[in-house]
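Here the structure is laid out as structure tokens; the discussion comes afterwards.
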Amino acid sequence: MSKPNNSQASPPRALRWAVAGSVVVMIAAGGLFYYASKMAAAKRQHNHDEVVVNIHPGSCEPNELSVPAGHASFRIVNRSERAVEWEILDGVLVIEERENIAPGLSQVINANLQPGDYAITCGLLSNPRGVLHVTPTAASDAAAKAKPSMVAFVGPLSEFRVYLATQSSALIRAVTTLNQAINSGDLAQAQAAYLPARTAYQHLAPAAQRLAELDNSINARADYFEKREQDPAFVGFHRIEYALFQQRNLDGLSPVAERLLGDVNTLKQQLLAKSLPPEQLVEILVRNLNTLADVRAASGEEERYSHGDLNGFAANLETAHKVVELLRPLLTKSAADLLPKIDSALGDFDNTLNGFKVKDGYASYDTVSGEQRKQIADKAKALADALDAIDPALGLSGL
Amino acid sequence: MKKTPIALLLTLGLLNTPLSAFAATAPLDLVGPVSDYKIYVTEQLDQLGTHTKQFTDAVKKGDLATAQKLYAPTRVYYESIEPIAELFSDLDASIDSRVDDHEKGVKAEDFTGFHRLEYSLFSEKSTQGLNDLADKLDKDVQDLQTRVAGLTFPPEKVVGGAAALLEEVAATKVSGEEDRYSHTDLYDFQGNIDGAKKIVDLFRPQIEKQDKAFVAKVDKNFATVDRILAKYKTKDGGFETYDKVKDNDRKALVGPVNTLAEDLSTLRGKLGLN
């Protein structure tokens, strides 16, 4: 009997020791864990300067924040019952966001912020929005004055490439329409289809002129050929213009129209394949406007048979507007003093051309006097000069 | 100029080292892919506009069966371009918010868009009183088209979009939370995956230059996800409802989706956009 007694007594004793031991270990582990998490939290605070935002069911706390410009980390703690999102907004545009933060959990948002005031959303869409003030620092002031980095040009150049793609497609469609009219032998319809096709081409002209040979077969005037209009090598838009508006005869024009359609398709491919260095974005406009100021405005030689020159000038100007819009954020940041000059040069040229608007387009160029042509040339020149200041101001040329 | 033979050898050695081996991505190399992405988004939005019109026409005609059928295939176009669409917070809320985002739930005045219509069509099985909601969705989608056309795409949002889409999948698709009334989550799932894959494909040459093994790993995980999703494709090109997805397949999706989300979140850094 004693043996069983002994054996009964000893396990509880062992168990007591074991329990005591494990309690000690647990306390120690708990202590260590507490210490480690305190250290981690302290380290986190220390390393990242996290700004903690608590999202309650109906509001954020704090609802108004202020951080210095540059890198900022926000720890968003969801103290509501539902999954929420937290966003930093500039107007309606989301600057940074974190979606689906589960109830009781937290997430970190890292943001690189420019000085200014932003709205912040706080969970439910009906909850009041908070304010995030981002205050300027010495570094952000210096960055504001610095020239933009190459990365800053990726957006505008991409957008310009999209513009080239869209306008090339429009050109292909318009030339297809012109082609169909010519093939069907309908002179009036072909004449009507010529100008829209020219508009699309003139949107692209600044970029197309980089592709010398291809552009010649699309846009060369008769003067460039030994036998002028009679030269068999004379093809492209102006050969068609000559037939439509001077000869008023579609005979033998189909192969020329066919070739033009092939060429504008190639133009699209090449425009998209060729990368445009950032300094060229403005340079091609300046070059295009200078030919307008120096030659095209005074002579009216470009559309000498149809007299649709003003239509083309307006399309050139639209592309200038487009590029200025694309560069506006960079100019506002790095060359704000240039913008008023550029905008007023754009506006002046707009006004001058608008003065020639008639019901469905622009006045025929043969009704525009020498004095008026000089005015057009002057406005184009003034715009070219204003635009010419952009590259140096953005650090894109040595001058 | 005088040069020692050793200096010459060193120079020759340097010249022979492929520069690309340690050159970072040149920012201007990103212009092509970023603009091609905008073209892709624009095309998807055109499709979204056309399909939304057909969907809302069915709703307004009171044709419940057609409206139900068109709901999921219409949304796909939104889901594939979400990184850009959700940059516009107000439109994202009015087009794609869930009932949980609204304090008053289903009855909230500002609960509009796809999921509000989904609730009526699939939960109440009714097209009653949805005219204004249908018109508003049409208008919001058109508004989105105009705004995206005018937006210069921030390169870091485009590249970061791949990870954002996978996080979206991980957070809302695997759980079946997104389309809780229609259970058409697999359409959205595929839309998110296709949108992310498009971004990887557009930047593939630049990423491969930095890390070939990375691209192979990402491709493998995309293929795994696609393979599982393909099991649930229906004959009409659509998908089974999410409740049909087997437990082992749900589990099998979690791994590759999370790995993709994690891997793709390093893309910005790889392409020098951090």
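The values are calculated or read from the model by the stated rules, or taken from the named source; none is laboratory data. Here the structure is a predicted model, which is why all the values come from computation and not from measurement. Using ideal geometry, Cβ is built from the backbone for each residue, glycine included, and neighbour counts are taken over all protein chains shown.
General observations
- Scan of the stretch B:74-97 for residues that are charged (D, E, K, R) and either farther than 18 Å from A:E97 by Cα or facing chain A (nearest Cβ under 9 Å) (or both), ordered by number: B:R75, B:E86, B:D90, B:D92
Listed here are the residues, each with its yes/no results for (1) surrounded by 19 or more Cβ atoms within 10 Å (Cβ to Cβ); (2) modelled with pLDDT of 95 or more.
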position: A:L317; (1), (2): yes, yes
position: A:V323; (1), (2): yes, yes
position: A:L327; (1), (2): yes, yes
position: A:K333; (1), (2): no, no
position: A:G347; (1), (2): no, yes
position: A:A363; (1), (2): no, yes
position: A:K374; (1), (2): no, yes
position: A:K381; (1), (2): no, yes
position: A:A386; (1), (2): yes, yes
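- Screening the stretch B:165-181 for residues that are of a type in the set (V, I, T) and out of contact with any Leu (no Cβ under 7 Å at 6 or more places or on another chain) and picking the one that is nearest to A:E85 (Cα to Cα) gives B:T172.
- Of all residues in the stretch A:78-89, those satisfying the criterion of being more than 15 Å from A:L65 (Cα to Cα) and out of contact with any helix residue (DSSP H, G or I) (no Cβ under 9 Å at 6 or more places or on another chain) are A:N78, A:R79, A:S80, A:E81.
- Where A:V51 falls short, out of the listed (1) modelled with pLDDT under 90; (2) under 18 Å from A:A111 (Cα atoms); (3) surrounded by 13 or more Cβ atoms within 10 Å (Cβ to Cβ): (1)
- Of the criteria (1) in a helix (DSSP H, G or I); (2) within 12 Å of another protein chain (Cβ to nearest Cβ), which one B:V106 fails: (2)
- Selection of helices (runs of 4 or more DSSP H) fully inside the stretch B:127-226 by the criterion of at least 2 residues being without any contact (Cβ under 8 Å) to a residue 60 or more places away in the chain and farther than 27 Å from A:V151 by Cβ returns B:131-149, B:185-210.
- Residue-level analysis places B:L151 among those that are more than 16 Å from B:D96 (Cα to Cα), at the interface with chain A (Cβ under 10 Å from one of its Cβ atoms) and not polar (S, T, N, Q).
- The stretch A:240-274, subset without any contact (Cβ under 8 Å) to a residue 60 or more places away in the chain and either within 14 Å of chain B (Cβ to nearest Cβ) or of a type in the set (G, A, S) (or both), residue farthest from A:A320 (Cα to Cα): A:G252
- Restricting the stretch A:75-93 to residues that are of a type in the set (A, V, I, L, M, F, W, C) and within 11 Å of chain B (Cβ to nearest Cβ) leaves a set whose member that is farthest from the chain's Cα centre (by Cα) is A:A83.
- Cβ-Cβ distances below 7 Å connect the following pairs, each with a first residue in the stretch B:238-263 that is in a helix (DSSP H, G or I), a second residue that is among the small types (G, A, S), and a separation of six or more residues or different chains: B:Y242/B:G176; B:V257/B:A170; B:N258/B:A170; B:A261/B:A163; B:A261/B:A170.
- Taken as a whole, the condition of being among the β-branched types (V, I, T), within 14 Å of chain A (Cβ to nearest Cβ) and free of Cβ contacts under 8 Å to residues at least 60 places away in the same chain applies to B:T112.
- Restricted to the stretch B:30-80, and to residues there that are of a type outside the set (S, T, Y) and touching a Gly at 6+ places or on another chain (Cβ under 6 Å), the residue that is surrounded by the fewest Cβ atoms within 10 Å (Cβ to Cβ) is B:V76.
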